[in-house]
1. Roll a 1.4 Å probe over the protein heavy atoms and report the accessible area of K57 in Å², nearest 10.
2. Can you check what the Kirkwood hydrodynamic radius comes to for region 64-188, Cα pairs only, in Å to one decimal?
3. Net charge within 15 Å of H207 by Cβ-Cβ distance, Lys/Arg positive one each and Asp/Glu negative one each, not counting H207 itself?
4. For a quick check, take a GNM of the chain with Cα springs below 10 Å and name the residue from Q223, Q357, Q339 with the largest mean-square fluctuation.
5. Quick one: among H74, H307, H42, which has the greatest mean-square fluctuation in a GNM of the chain with alpha-carbon springs under 10 angstrom?
6. How many Lys pairs in the chain lie less than 22 angstrom apart by Cα atoms, where the lysines are 8 or more positions apart or on different chains?
7. I want to verify a result. In a Gaussian network model of the chain, Cα cutoff 10 Å, which of these has the top mean-square fluctuation: Y44, Y346, Y355?
8. Can you tell me the dipole magnitude for the chain around its Cα centre, using point charges on the Cβ only (Lys, Arg +1; Asp, Glu -1), in Debye to the nearest 20?
Amino acid sequence: MVDADQTFVIVGGGLAGAKAAETLRTEGFTGRVILICDERDHPYERPPLSKGYLLGKDERDRAFVHEPAWYARHDVELHLGQTVDAVDRAAKTVRFGDDGTTVRYDKLLLATGAEPRRLDIPGTDLAGVHHLRRLAHADRLKGVLASLGRENGHLVIAGAGWIGLEVAAAAREYGAEVTVVHRGQAPLHSVLGPELGQLFAELHREHGVRFHFGATLTEITGQDGMVLAARTDDGEEHPAHAVLAAVGAAPRTSLAEAAGLELADRASGGGVLVDERLRTSDPDIHAAGDVASFPHALFGTRLRVEHWANALNGGPAAARAMLGREVTYDRMPYFFTDQYDLGMEYSGWAPPGSYDQVVIRGDAGKREFIAFWVREGRVLAGMNVNVWDVTDPIQRLIRSRTPVDTEALADPHVPLGSLAP
């Protein structure tokens with residue numbers, strides 16, 4: 001069958017799906033490309049939602065992956081505001097949820113992403129309770145933060161992960177009062193461990209954020225639909241005019257599960273099981289982005305990565321695999337954040353318990369340093385804080401798997417490039 005006779009369907013209109021559609025065309029695919037997005041906005045990137053756009057520094061349309069006219073110009077059939085509610089693997093069709101129309105596919109890509117976890121407590125139906133995952137969420141939250149800043153209002157954030165901390169920074173820049181409630185003893189423990197998590201706690205405290213660690217929200221109280229306070233399981237009550245639920249995200253696997261595709265267990269992060277070519281248990285169906293659980297040979301485990309770079313690179317990799325190209329998806333996990341005057345990039349994978357020491361190069365007190373998570377002399381991950389143009393040598397160190405002299409690793413006068421083969 002020639003390309004022109006084939007139909008490739010992409011379910012999910014985020015960065016992974018949009019970049020997959022782009023790659024199909026740049027790789028010369030001449031068949032039908034259908035991109036289905038359950039939002040009415042054109043496909044967009046998510047980092048601006050908690051960074052530049054939320055702060056009012058970037059225009060809304062800067063978040064879009066392509067200008068709206070790009071899709072028609074490249075003969076990509078874009079279906080906005082439509083859902084897929086079923087995949088029939090035997091017939092090789094997807095069914096639209098609004099009118100039951102079916103479309104046949106030769107190859108299918110699931111790029112359905114993730115959705116915010118909900119707080120299962122009284123009061124979450126109040127108008128002042130927010131999530132941040134979609135552009136429409138950011139539109140709403142941006143206005144809320146500006147209003148809180150003008151009126152000296154209080155924002156309570158449940159969760160001290162990346163979204164929670166980035167919104168806390170934005171809220172403080174607007175002038176709002178901020179309290180972060182987190183069940184752990186430090187922010188970002190599952191990613192950075194206790195050693196570096198405290199650095200972010202100190203950063204936010206310096207900017208006026210209050211932390212309530214070792215607690216969880218149990219109730220949000222209000223009147224006439226508006227939020228008044230947030231209560232925690234240790235009996236504390238925090239004044240609040242708005243609450244942000246930032247307690248993580250769950251992969252959107254219901255479509256894959258209903259289709260009978262193999263899923264990863266929750267202990268390993270969940271998601272749709274794929275191989276190194278991003279193929280699911282059905283060879284004609286691929287998955288990419290936040291929803292995909294892929295084997296990473298370097299770290300010897302399955303990873304499901306909810307960061308921008310994984311969507312940026314995973315979508316094109318899946319598209320090439322759908323075209324029959326040789327693909328081994330082993331991109332290094334990478335993410336970045338900007339909070340106040342701190343900019344950071346992180347590469348690698350080093351959850352608590354996987355490393356035996358953290359090596360600091362530079363001045364952590366001045367927040368100008370590189371941190372390395374090391375096990376038996378081998379670098380598992382690296383984070384550069386207000387130090388730039390070092391991502392490539394950090395990733396080479398991680399990929400080399402070669403033990404390094406930790407004294408040289410900590411010495412800023414030893415070029416990083418000299419430590420990796």
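The values are calculated or read from the model by the stated rules, or taken from the named source; none is laboratory data. Quantities reported herein were computed from a predicted structural model and do not represent experimental measurements. Reconstructed Cβ throughout: ideal geometry from the backbone, glycine too, with neighbour counts over all protein chains shown. Protein only, heavy atoms only, side chains kept; ligands, DNA and RNA dropped before computing areas. Shrake-Rupley method; radii C 1.70, N 1.55, O 1.52, S 1.80 Å.
1. Here the residue's solvent-accessible area equals roughly 140 Å².
2. 18.2
3. Details: positive: R172, R205, R210, R367; negative: E166, E173, E177, E202, E206, D338, D341.
Value of the local net charge: -3.
4. Fluctuation is largest for Q223.
5. H74
6. Count of close lysine pairs: 5.
7. Per the Cα network of the chain with a 10 Å cutoff, Y355 tops the list.
8. 440
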